[in-house]
Amino acid sequence: MKLLLDGMLGRLAKWLRLLGYDTAYFPDLDDNELVRLARAQGRVLLTRDRELTRRRGLNSLLVEGDELEEQIQQVISELNLETERPFSRCPVCNTPLQEIEKPSVKGRVPPYVFRTKEHFSLCPECDRIYWRGTHWANMRQEMARIRSGLSTKDPKIKKAEAAPTPPDTAGMGAPLC
Ligand SMILES: [Zn+2]
């Protein structure tokens with residue numbers, strides 16, 4: 001299933017990409033352009049705007065929760081999304097990542113990363129290199145928790161865990177969480 005997110009849902013877009021879903025996100029499009037694109041590409045439009053969901057000939061879902069975690073849960077359960085391949089898609093531009101040989105990333109990732117990591121992925125579109133950094137395990141846990149629909153009772157923990165930061169993709173490379 002292919003998705004298109006409106007300009008209010010940038011963080012959700014990054015997460016859905018990290019989860020492996022084909023997620024288009026162009027924050028500068030206006031409502032009519034969003035609707036046209038969704039129809040043309042057969043994408044489900046995820047939006048915060050109730051008005052938009054009433055457009056004819058459009059598959060859409062009104063995203064209701066304010067918390068990122070709620071939003072992810074809602075999208076996965078209401079659209080009945082299958083498990084995609086997590087960490088297989090560039091969170092910045094939505095392009096499927098390609099495995100890349102270790103020697104070819106020398107000088108393009110920090111030396112410590114080069115010494116300690118064996119597996120790297122390349123985004124063929126925006127040329128970013130990703131690897132499984134220190135947040136990898138945490139993020140996998142977070143995803144497992146999101147999928148299970150559990151939430152913790154301690155509001156502090158919930159707040160901290162409900163707002164994980166997608167990988168910082170500035171610079172020459174970035175940990176793929
Ligand atoms: Zn990319």
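Below are the figures for this structure:
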quantity: Residues that are surrounded by 23 or more Cβ atoms within 10 Å (Cβ to Cβ) and under 15 Å from residue 94 (Cα atoms), drawn from the range 22-43; calculated: 23
quantity: Within the range 111-127, tally of residues that are surrounded by 14 or more Cβ atoms within 10 Å (Cβ to Cβ), away from the ligand (no atom under 13 Å from the Cβ) and under 24 Å from the mean Cα position of the chain (by Cα); calculated: 3
quantity: Per-region count, the range 88-102, residues surrounded by fewer than 16 Cβ atoms within 10 Å (Cβ to Cβ), within 11 Å of the ligand (Cβ to nearest atom) and of a type in the set (Lys, Arg); calculated: 0
quantity: Unmet requirement for residue 143, which otherwise passes all of (1) free of Cβ contacts under 8 Å to residues at least 24 places away in the same chain; (2) more than 16 Å from the ligand (Cβ to nearest atom); calculated: (1)
quantity: Residues that are outside any helix (DSSP H, G or I) and either over 22 Å from residue 96 (Cβ atoms) or aliphatic (A, V, I, L, M) (or both), drawn from the range 35-48; calculated: 44, 45, 46, 47, 48
quantity: Criterion: of a type in the set (Lys, Arg) and touching a residue at least 40 places away in the same chain (Cβ under 8 Å) - qualifying residue of 54, 43; calculated: 43
quantity: Of all residues in the range 86-108 being among the small types (Gly, Ala, Ser) and assigned to a loop (DSSP other than H, G, I, E, B), the one that is modelled with the lowest pLDDT; calculated: 88
quantity: Answer residue from the range 3-34, given it is aromatic (Phe, Trp, Tyr) and part of a loop (DSSP other than H, G, I, E, B) and is farthest from the chain's Cα centre (by Cα) among those; calculated: 26
quantity: Inter-residue pairs, beta-carbon under 7 Å, first over 23 Å from residue 89 (Cβ atoms) and in the range 100-129, second away from the ligand (no atom under 16 Å from the Cβ) and part of a loop (DSSP other than H, G, I, E, B), 6+ apart; calculated: 114/106
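The values are calculated or read from the model by the stated rules, or taken from the named source; none is laboratory data. All figures in this text were calculated on a predicted structure; none of them were measured in a lab. Heads up, the Cβs are rebuilt from the backbone with ideal geometry, glycines too, and the neighbour counts pull from every protein chain shown.
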